[in-house]
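Chemist: Pasting in a structure now, in structure tokens, and then I'll have a few things to ask.
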Amino acid sequence: MTLSTLQEKYSENFVPTIPRTPTNRYASIILLRETKSYAIFTTEGGEQQDVEQTPAGLKRPEPTTRLVMFKRKQVAPERRTGKALLRQYGIFPYAIQKGQVIFGEEALALKEHYEDCYLTEGLCTHCPDCLIYGYAAVEGEGARKARLMTDTCFSVRPYELIQKQVKFNVIDEAKHTSGTITAYDYTTPGVFLPAVETTVDLTMDEFTYVLGNILRTTRYGKEGTRQGFVRNHVLAIAFSDVELFANLEFTQAFYDAFMDDSEIDMVERGLSLDDFQKHANQVIETLKGNVAGRVQVVTGEDMKAILNEVRELNRDVERLAPFLKELHVHSASFIV
Ligand SMILES: [Zn+2]
């Protein structure tokens with residue numbers, strides 16, 4: 001059922017069952033988020049995009065203003081993707097009776113059942129999403145700490161170079177008059193935000209689920225019609241017994257590498273995926289140098305094999321349905 005490359009070569013980095021106490025088995029998904037359309041990254045209710053002034057590089061302390069994508073803006077869309085998949089494959093409704101997980105009509109007939117699970121009010125507290133990504137206090141269930149960590153990610157290029165103000169003249173159809181002109185700051189297509197999602201103490205199947213959510217999710221940013229298309233490119237997977245580095249450090253290390261490369265012009269030409277791929281291994285290697293712990297970085301053929309196996313599983317309904325069901329049975333049978 002699980003992925004063969006992970007199973008054969010990297011199984012010791014996962015827990016066999018959901019643990020009650022931490023064992024610090026970290027598996028980090030090191031990726032680039034690339035806008036493939038105009039996008040708006042704002043906090044709820046805000047009109048301005050979120051920006052922050054940070055030191056430009058690790059070796060270059062001069063301040064630079066960067067676009068930021070907050071943690072919630074990254075993880076919430078991925079949770080929604082995963083949960084829609086669970087619903088599509090009949091995980092909901094379910095019930096737990098004497099340690100057994102019951103699905104469908106049979107579950108509905110029972111007094112205590114879970115009809116659905118949704119952010120943020122209706123979390124069921126027993127599905128894979130709840131057990132992996134955690135939840136704040138739910139009545140009668142307490143809170144659960146996430147086993148997936150990430151933080152705010154930052155653009156590599158300065159904000160001035162990656163934003164564009166677009167004005168709209170809103171035409172009133174009824175009155176045939178041109179109404180208010182509204183202006184929004186957009187992030188342009190082709191903007192890269194390096195990011196790491198660190199999972200801790202996941203089973204191999206839970207990790208496969210998380211990786212699938214990252215590969216499946218394509219809409220991020222301001223909710224509603226202004227979400228932009230974002231492509232996630234996985235650069236590496238790393239197994240360790242400590243956390244690796246902050247997203248800001250990852251961005252700053254790329255900034256330094258690009259400034260030192262005479263073939264790259266971040267101001268005039270901008271950046272391409274090739275530029276990141278050219279420097280990714282060295283950047284990760286440099287950052288790895290500061291880590292006080294065991295780290296194993298998986299890139300190249302092995303990483304490609306893992307990603308392909310996740311894609312294949314997600315394409316194959318015959319395998320995906322039992323995979324998700326089994327994943328859910330393991331989550332729902334986990335009783336604290
Ligand atoms: Zn849930």
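Chemist: On the phi > 0 side of the Ramachandran plot, in contact with a strand residue (DSSP E or B) (Cβ under 9 Å, 6 or more places away or on another chain), away from the ligand (no atom under 11 Å from the Cβ) and open to solvent by less than 50 Å² (accessible area, probe 1.4 Å): is that true of GLY104 in this structure? Walk me through it before giving the result.
Modeler: Numbers: on the phi > 0 side of the Ramachandran plot: yes; in contact with a strand residue (DSSP E or B) (Cβ under 9 Å, 6 or more places away or on another chain): yes; away from the ligand (no atom under 11 Å from the Cβ): yes; open to solvent by less than 50 Å² (accessible area, probe 1.4 Å): yes.
Yes; evaluated as a whole, the condition is true for this residue.
Chemist: Which members of the range 91-111 meet the condition of being touching a residue at least 12 places away in the same chain (Cβ under 8 Å) and part of a loop (DSSP other than H, G, I, E, B)?
Modeler: Result: ILE91, PHE92, PRO93, GLY99, LEU110.
Chemist: How many residues does the range 201-249 contain that are in a helix (DSSP H, G or I) and either free of Cβ contacts under 8 Å to residues at least 12 places away in the same chain or out of contact with any helix residue (DSSP H, G or I) (no Cβ under 7 Å at 6 or more places or on another chain) (or both)?
Modeler: Of the residues in the range 201-249, the ones in a helix (DSSP H, G or I) are 204-216, 224-226, 247-249.
With either free of Cβ contacts under 8 Å to residues at least 12 places away in the same chain or out of contact with any helix residue (DSSP H, G or I) (no Cβ under 7 Å at 6 or more places or on another chain) (or both) added as a condition, the list becomes 207, 224-226, 247-248.
Matching residues across the range 201-249 total 6.
Chemist: Mind checking whether some residue in the range 85-96 is more than 9 Å from the ligand (Cβ to nearest atom), of a type in the set (Ser, Thr, Tyr) and open to solvent by less than 10 Å² (accessible area, probe 1.4 Å)?
Modeler: yes
Chemist: I would also like to ask the following. Report, by residue number, each residue of the range 22-77 that is open to solvent by less than 70 Å² (accessible area, probe 1.4 Å), in contact (Cβ under 8 Å) with a residue 60 or more places away in the chain and of a type in the set (Asp, Glu).
Modeler: Selection gives GLU34 alone.
Chemist: Pick from ALA195, ALA136: which is touching a strand residue (DSSP E or B) at 6+ places or on another chain (Cβ under 7 Å), away from the ligand (no atom under 16 Å from the Cβ) and in a strand (DSSP E or B)? Reasoning before the result, please.
Modeler: Details: ALA136 fails: away from the ligand (no atom under 16 Å from the Cβ).
Checking each option against the conditions leaves just ALA195.
Chemist: Would you check which residues across the range 54-75 are among the basic types (Lys, Arg), assigned to a helix (DSSP H, G or I) and touching a strand residue (DSSP E or B) at 6+ places or on another chain (Cβ under 8 Å) and list them?
Modeler: Of the range 54-75, the ones among the basic types (Lys, Arg) are 59-60, 66, 71-73.
Filter again for assigned to a helix (DSSP H, G or I), leaving 71-73.
Residue satisfying the conditions is LYS73 alone.
Chemist: Kindly indicate whether any position in the range 112-131 is part of a strand (DSSP E or B), touching a Ser or Thr at 6+ places or on another chain (Cβ under 9 Å) and either under 27 Å from LEU215 (Cα atoms) or open to solvent by 60 Å² or more (accessible area, probe 1.4 Å) (or both).
Modeler: Going through the range 112-131, the residues part of a strand (DSSP E or B) turn out to be 114, 118, 122.
Now restrict to residues that are touching a Ser or Thr at 6+ places or on another chain (Cβ under 9 Å): 114.
From what's left, either under 27 Å from LEU215 (Cα atoms) or open to solvent by 60 Å² or more (accessible area, probe 1.4 Å) (or both): none.
No, every residue in the range 112-131 fails to be part of a strand (DSSP E or B), touching a Ser or Thr at 6+ places or on another chain (Cβ under 9 Å) and either under 27 Å from LEU215 (Cα atoms) or open to solvent by 60 Å² or more (accessible area, probe 1.4 Å) (or both).
The values are calculated or read from the model by the stated rules, or taken from the named source; none is laboratory data. Worth saying up front: this structure is predicted, and the values here are computed from it rather than measured. With ideal geometry, Cβ positions are generated from the backbone for all residues, glycine too; neighbour counts draw on all protein chains shown. Each accessible area value is taken on the protein alone, full model and side chains, heavy atoms only, with ligands, DNA and RNA left out. Shrake-Rupley method; radii C 1.70, N 1.55, O 1.52, S 1.80 Å.
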